[in-house]
Amino acid sequence: MGFAERNWAGNVRFGAARFHEPRTVDEVQSLVASATKVRAVGSRHSFNAIADTVGDQVSLSALVRLVEIDTQRGTVTVDGGIKYAELASYLHEHGMALANLASLPHISVAGACATATHGSGVTNGNLATAVLAMQFVTSGGDLVEISRDHDPGLMDALTVGLGAFGVVTRLTLAIEPTFDVRQTVYEDLPMPTSAGQLDEVMADGYSVSLFTTWCHDDIEQLWRKVRAGPEADGAGPDVSTRRFGATAATRKLHPIKGLPAGPCTDQLGVAGPWHERLPHFRIGFEPSSGEELQSELFVASDEAPEAMSILRSIRVFLAPVLQISEVRAVAADAMWLSPCHRRASIAFHFTWIPSWPQVEPVLATLESALAPLLPRPHWGKLSTITGPVLQTRFERLEAFGELITEWDPTGKFRNAYLDAVLG
C-alpha cells in the first residue's frame, strides 16, 4: 500500500517527510531509534491530526499477521497492524468472539484502542477495555511489554495512549466463545420517551443506538441488538414489533435517511454472527456515507437527558451542517484518558457535511452549549475544546503529560495535536 497523503475523510493533509511500512518488529525498532520525529498511523479513520508528524510516519499494515488464540485463558494476541474486520472473521471461524465492536469494522485495533473508540451498550466498555497486554517500541527503539496482570497502573495510563508513548506492535485482548446477535431497527421513537426513559431505552438490548437529526418530534431510528440465547434457533426473526412507542421497520434501513441500506449489517431481527451484527456497517463495504466530518462528545449518563434537551434547543444551528447524530451508551472504566473515566457515559456522535469552515462555528456553539455538563471529546474526532479546558475534563491529563515526558524525554512522538491537547 502506498503513502496516503490524507486521512480517510480527506480533511487532514499529512505533513510527514517520509512514510514507512515495516514488515517486522525489528524494522520498527530500527526506524524509531533513528528517527527524530515519528508517529504511527492506523487505518486513517481519525478526523484530526492525531497521526500527523513532520518526520517519519509509520504504518504497521504490512507487518506479518499475528493471531494467537489461547482458549484456556480467553485471550487473543495480535499484531499492531491488524484491523477488526480481519480479526473478527478469524475469531468467529475459530469459535471465539470479542465482547463488542465499533460501528465500523474497518478500523485498526491498535488505533481504535489508543483513542478509546467504542460501540454501545450500558455494560460494554470502550474497545480499549478488552486490552490485557501491550508490546510497543519506545523512543529509544527498545521493545517494552506491559500487562494488566503485572502493571495495572501502567495499563490504565498507557492503553488509551494517543500514540504518545511509542509504536504499539502487539496487543493481547480478552475474548469469549462466539455468539449470535439479532438486530432490529425501530422507527419513530417519541422524543419525550427517549429522554425521559433514556436509561431503560439504552439498557433494552446488548447494544442500543439512537439515530436522529434532532429536528423532529421523534428519534428517527432505534437500533436494538440483542444476544441470541441458547434456546434460539439461530435464524428465526425477533417478533417484537414495538419498543417504547417505536415501530419495527419492515425493510432494511441506513442511519441516514435516503441512503441505500446495502452497506449496513443485516437487520429485521434475523440472528447472525456477532461480527455481522454488532457493527452498523458490513465488512465488505466501505463504511458510512462517504465524504463527511465527525465529532463526538461524552457526558455522564445522568446528565444525558439534559444534553438531549440542549441539542433540541439548538437544532436550528445544527440542521444546515448535520447529516446524522448517534446516541450510544458506554460503561465506565479506569483508564486515564478514556472519555468514560470513572463515569458511565452517553456518547453523542455527529456526522457533519465535509466542510470545516461551515462546521467549525456550529461545533463551537454546540460544545459551548453543553459546557455545563463537562463533555469529554473523542480523541480521534473533531473538537474545538482547548488544552486548558481539557485539563478540567480529564482529571489525569496533567499526570499523563508528565508520564509522556518521562517515557519520551526528547519528544520524539510529540506532534502539534498532542501539544494542543496537553496545553
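Might you check whether a residue that is farther than 25 Å from Pro354 by Cβ and either in contact with a helix residue (DSSP H, G or I) (Cβ under 9 Å, 6 or more places away or on another chain) or modelled with pLDDT under 95 (or both) occurs anywhere in segment 37-47? Checked segment 37-47: at least one residue is farther than 25 Å from Pro354 by Cβ and either in contact with a helix residue (DSSP H, G or I) (Cβ under 9 Å, 6 or more places away or on another chain) or modelled with pLDDT under 95 (or both).
Within segment 27-43, the set of residues being crowded, with 19+ Cβ neighbours inside 10 Å and of a type outside the set (Val, Ile, Thr) comprises Gln29, Ala35, Arg39, Ala40, Gly42, Ser43. In segment 377-401, the residues that are free of Cβ contacts under 8 Å to residues at least 24 places away in the same chain form Cβ pairs under 7 Å with partners that are crowded, with 18+ Cβ neighbours inside 10 Å and not in a helix (DSSP H, G or I), at six or more places apart or across chains, as follows: Ile385/Pro377; Arg393/Arg376.
Test Ser59 against the criterion of being within 23 Å of the chain's Cα centre (by Cα), among the hydroxyl-bearing types (Ser, Thr, Tyr) and surrounded by fewer than 19 Cβ atoms within 10 Å (Cβ to Cβ), and give yes or no.
no
What number goes with the only condition from (1) of a type in the set (A, V, I, L, M, F, W, C); (2) more than 16 Å from Phe394 (Cβ to Cβ); (3) within 16 Å of the chain's Cα centre (by Cα); (4) surrounded by fewer than 18 Cβ atoms within 10 Å (Cβ to Cβ) that Ala332 does not pass? Looking at each condition in turn, Ala332 falls short on (2).
Of all residues in segment 292-299, none are at pLDDT below 95, among the hydroxyl-bearing types (Ser, Thr, Tyr) and in contact with a Leu (Cβ under 9 Å, 6 or more places away or on another chain).
Determine if segment 348-363 includes at least one residue that is modelled with pLDDT under 95 and not in a loop (DSSP other than H, G, I, E, B). Scanning segment 348-363, I find no residue that is modelled with pLDDT under 95 and not in a loop (DSSP other than H, G, I, E, B), so the answer is no.
With the structure loaded, tell me whether Thr77 is more than 19 Å from the chain's Cα centre (by Cα), of a type in the set (Val, Ile, Thr) and either over 25 Å from Asn415 (Cβ atoms) or not in a helix (DSSP H, G or I) (or both) or whether it fails that test. Considered against the rule, which asks whether it is more than 19 Å from the chain's Cα centre (by Cα), of a type in the set (Val, Ile, Thr) and either over 25 Å from Asn415 (Cβ atoms) or not in a helix (DSSP H, G or I) (or both), Thr77 comes out as yes. Quick one: would you say Ser309 is under 22 Å from His254 (Cα atoms) and either assigned to a helix (DSSP H, G or I) or at pLDDT 95 or above (or both)? No; evaluated as a whole, the condition is false for this residue.
The values are calculated or read from the model by the stated rules, or taken from the named source; none is laboratory data. These figures come from a predicted structure and were not determined experimentally. Reconstructed Cβ throughout: ideal geometry from the backbone, glycine too, with neighbour counts over all protein chains shown.
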